[in-house]
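Novice: This is the structure I want to talk about, given as structure tokens.
The values are calculated or read from the model by the stated rules, or taken from the named source; none is laboratory data. No experiment lies behind these values; they were computed from the predicted model shown. As a convention, Cβ positions derive from the backbone with ideal geometry for all residues, glycine included, and neighbour counts pool all protein chains shown. Just the protein is used for accessible areas: all its heavy atoms, side chains included, with ligands, DNA and RNA removed. Shrake-Rupley method; radii C 1.70, N 1.55, O 1.52, S 1.80 Å.
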Amino acid sequence: ARWDGAAGPGFPSQPSPRSPAGMLPVVAGLLLAVAAGGRGSSSEQQSPPGSRFVCTSLPLEAAGAGCPLPPVPMQGGALPPEEELRATVLQLRETVLQQKETIGSQREAIRELTGKLSRCEGADGKSAPGTWKKELGKGKDTMGDLPRDPAQVIDQLSRTMQTLKDRLESLEHQLRANVSYAALPNDLREMLQRRLGDLERQLLSKVAELEDEKSLLHNETSAHRQKTETALNALLERVSELEKGNSAFKSPDEFKVSLPLRTNYLYGKIKKTLPELYAFTVCLWLRSSASPGIGTPFSYAVPGQANEIVLIEWGNNPIELLINDKVAQLPLFISDGKWHHICITWTTRDGMWEAFQDGEKLGTGENLAPWHPIKPGGVLILGQEQDTVGGRFDATQAFVGEMSQFNIWDRVLKAEDITNIANCSTNMPGNIIPWVDNNVDVFGGATKWPVETCEERLLDL
């Protein structure tokens, strides 16, 4: 049947007969027509408004152009008009309920999508960096810090964005198919698209920020790696130098004497004395940064001559070697706070002397106490200058620092031997005064510490 009449009183005329809401007046009109027992004439015969309703039969193939009612199953032939209308009413009710459920579910989907978009962009529509709430496509909670790998972060954000677009497009298709246009206004659709555009711009901004951070991190990592490799290469070179010299230098007793204060009571004393010498070589390691002048590393006094052998740097004067109170200035520079190896050779023949620093000869001279033999039986003091044998120290001339490997030979060592000692590739204890623990006493607060001087020297390089 097709509705051709005007609505009677109490029946609105606005709903379309194609919609479920518009079908209710049609059903009511049909019921009234049946109850009155009247039959309709043609659609051209109009009755006064409110008097009656007219129904016109249509062929089945023409029914699709009008009200899209579900087909009524025929059971055993044609039904009476009352039964047919009752079945139609029941089916219409079911259709209306299904449409309501569909509309409700689609509205729920819209609200869910709107809520997710709102959570993504924040309360004011702007996403704070690093606060992405949820990966919409997978329904996976991603609260917390982003992955540390920028490539993973970009890939994850791209997948989330694509999933969001797919869901929005799917939702729009479903809404077009199942919901009337009134259920999804243009302003709502524009709002969703605008929010999606904002989210995409924020995503691109985040990707650019991560790219910048990745580039900066790569530069910092490269600089740190280069610095580390340089330090490791330097260490490997030092180890190789030690390995080339047969084996690392090992003294009989690895210790140092520490004299930390400039006083007249801190000193060390060598228990052995010197025999009569016509030549000698004195070598030692020392480290000092005292100023002005490092003081007196060692002094040898005999009865009648307090300055038989003295090595001193006093005030702003250069370092000096005294033999029998005669003076020679040495071109040594050892007050930089680093370990240095010092060797001094002397022979009574023409008073020839040589000065070595860190294995390199820096100076030589002659006429230093020529033809004067070194007298035996004196006292050898470390760190103080003697005005009498074994005493009357002057604090202004005291050595401040550390020393080790103090050795004396009764001959002039070859330059090659001195270089090997300085490079820690040769173990040559002095044949007159060797550096051994039981031959050195300390007084006044001076201390002895276990140490391998060559290893400490490497730390100073």
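Novice: Mind running the shape call on region 187-246? Use the C-alpha gyration tensor, a ≥ b ≥ c as the square roots of the eigenvalues: rounded below 1.5 for a/c, prolate if a/b tops b/c, oblate otherwise.
Specialist: prolate
Novice: Debye sum, Cα scatterers, region 255-460, no solvent: what log₁₀ I/I(0) at q = 0.12, 0.19 1/Å?
Specialist: Taking Cα atoms of region 255-460 as identical point scatterers yields -0.53, -1.58.
Novice: Less than 13 Å Cβ to Cβ from Trp314, Lys/Arg counted +1 and Asp/Glu -1: what total charge do the surrounding residues give?
Specialist: Taking every other residue near Trp314 into account, the sum is -3.
Novice: Give a quick list of trypsin sites (Lys or Arg not before Pro) in region 374-461 that DSSP marks as loop, anything other than H, G, I, E or B, with at most 15 other Cβ atoms within 10 Å.
Specialist: Arg392, Arg411, Lys414
Novice: Checking the table Lys116/Lys206; Lys227/Lys361; Lys100/Lys206; Lys227/Lys414; Lys256/Lys414 against a 30 Å threshold on Cα-Cα, which pairs fail?
Specialist: Lys227/Lys361; Lys100/Lys206; Lys227/Lys414
Novice: What number comes out for accessible area per residue over region 255-460 if the probe is 1.4 Å? Units Å², please.
Specialist: For region 255-460, the solvent-accessible area averages 41 Å² per residue.
Novice: Considering only protein heavy atoms, with the full assembly of protein chains and a 1.4 angstrom probe, order Arg159, Arg86, Arg189 by accessible area, largest first.
Specialist: Listed by decreasing accessible area, they come as Arg86, Arg159, Arg189.
Novice: Which of the peptides 324-334, 257-267 is most tightly packed, and how do the rest follow, judged by the mean count of other Cβ atoms within 10 Å per residue?
Specialist: Per-residue Cβ counts within 10 Å, averaged per peptide and sorted highest first, yield 257-267, 324-334.
Novice: Ok, one more. Report, to the nearest whole %, how much of the accessible area of region 187-246 belongs to carbon and sulfur atoms, 1.4 Å probe, protein only.
Specialist: 53
Novice: With every protein chain kept in place and ligands, DNA and RNA left out, what is the accessible area per residue of region 187-246? Probe 1.4 Å, answer in Å².
Specialist: 78
Novice: Let me ask something else about it. Return the carbon/sulfur percentage of the accessible area of region 255-460, one whole number, probe 1.4 Å, all protein chains in place.
Specialist: After summing per-atom areas, the C and S share lands at 50 percent.
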